[in-house]
Amino acid sequence: MSADKTAGPPSGAGLPAVNLAAKSRPGEAVVKALLLTAAVLSVAITFGIVIALLAPTLDFFREVPFGEFFSADDQKEFAVLPLVMGTLVTTVIALAVAVPIGLGAAMYLSEYASPRARKILKPTVELLAGVPSVVYGFFAVYFVSEIFFQKWFNWQSLGLLNALSAGLILGVMVIPTIASLAEDALSAVPQAMRQGSLAMGANRMQTTLRVVLPAALSGVMAAIVLGMSRAIGETMIVTIAAGTLKNLSFNPTESMQTMTSFMAIKAGGEDPVGTPGYNMLFAVGMLLFVITLVVNFISISIVRRYRQAY
């Protein structure tokens, strides 16, 4: 026997036709135009910076040989390697402070803090980013160097101006950048991964270090590299606290001059426009721009290599 089957109406019969093509809202074109303008303007500003630095830099190298500019002799007027060394020393100290504290704060806020504690602590940590850098500079000189090291630890051989104090406070300034971005990356890891790890018998610390942190590694690395870029480009803290003496040394207890502090002092207008001393300001700026660009390219490559989509 064959059962009679009554053919029903076709799927969607009797329903009004729906135009799947999204209709543009009145202000959507305006918003798209504004966003495109912002993107193009950002690229144009970057090219504008390069163009502004390029001509004086070329004029500088027409009068000063490359060998003299990249000289390691801190007694030479145009030697840049002592400035690079000062920048490197203060940046390494800053990262040694900011990375463990920033990542620790990020892991606590993401994995351990209650919603109420997170609501209070995260804005408080981010307040450090709002403190003017000149305040950090004077704090490094008059508290860290004079009170903390000289009076409390009786370290009289340490001068008021040194790379150690500048690097420590520079790290404090970078903490909010690393903590905030790393916390966002850790919070973006799906909750199912945490639940699966806990279901397998792992405790919360093991889950954080072996599951959540590796899953958010690309965002964490991006936060660290961005903090590094911020430390490299900081001016006022190192100008006030690190000193203004060219010094090719790995000893952080000595006074050192960084690339940014050199630029800040040179911008005071002591050298006439067009002289090699004046044009060196742009040459150092171009070198700093290239270093920052390389750091950003490294960051992008790391993020793309370790990025995981959920």
Problem set entry | Count - residues of the stretch 95-113 that are in contact (Cβ under 8 Å) with a residue 24 or more places away in the chain, among the small types (Gly, Ala, Ser) and surrounded by fewer than 17 Cβ atoms within 10 Å (Cβ to Cβ) | 1
Exercise. Say we look at the stretch 55-72 and pick out the residues that are touching a residue at least 24 places away in the same chain (Cβ under 8 Å) and acidic (Asp, Glu); which of these is surrounded by the fewest Cβ atoms within 10 Å (Cβ to Cβ)?
Worked result: Glu63
Exercise. From the list Gln206, Gln150, Gln156, Gln195, which one is more than 17 Å from the chain's Cα centre (by Cα) and not in a helix (DSSP H, G or I)?
Worked result: Gln156
Problem set entry | Filter result (over 11 Å from Gly233 (Cβ atoms) and either modelled with pLDDT under 85 or acidic (Asp, Glu) (or both)) within the stretch 284-296 | Asn296
Seminar exercise, completed: Inside the stretch 76-94, the number of residues satisfying the requirement of being more than 15 Å from Phe262 (Cβ to Cβ) and surrounded by fewer than 20 Cβ atoms within 10 Å (Cβ to Cβ) is 1
Seminar exercise, completed: Selection over the stretch 268-283 where residues are in contact with a helix residue (DSSP H, G or I) (Cβ under 7 Å, 6 or more places away or on another chain) and modelled with pLDDT of 85 or more yields a count of 6
For this session: Evaluate the following for Ala163: is it more than 23 Å from Gly130 (Cβ to Cβ), crowded, with 17+ Cβ neighbours inside 10 Å and aliphatic (A, V, I, L, M)?
Result: yes
For this session: Looking only at the stretch 98-105, decide whether some residue is at pLDDT below 90, under 30 Å from Leu293 (Cα atoms), assigned to a helix (DSSP H, G or I) and within 32 Å of the chain's Cα centre (by Cα).
Result: no
Seminar exercise, completed: Checked the stretch 235-271 for anything of a type in the set (Val, Ile, Thr) and under 16 Å from Val92 (Cα atoms); matches are Thr235, Ile237, Val238, Thr253, Thr258, Thr260
Exercise. With respect to Thr177, is the statement that it is buried (at least 16 other Cβ atoms within 10 Å of the Cβ) and touching a Lys or Arg at 6+ places or on another chain (Cβ under 6 Å) true?
Worked result: yes
Exercise. Is at least one residue of the stretch 114-135 surrounded by fewer than 18 Cβ atoms within 10 Å (Cβ to Cβ), touching a residue at least 12 places away in the same chain (Cβ under 8 Å), touching an Asp or Glu at 6+ places or on another chain (Cβ under 9 Å) and on the phi < 0 side of the Ramachandran plot?
Worked result: yes
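The values are calculated or read from the model by the stated rules, or taken from the named source; none is laboratory data. Being a predicted model, the structure only gives us computed values, none of them experimental. Backbone-built Cβ (ideal geometry, glycine too); neighbour counts: all protein chains shown.
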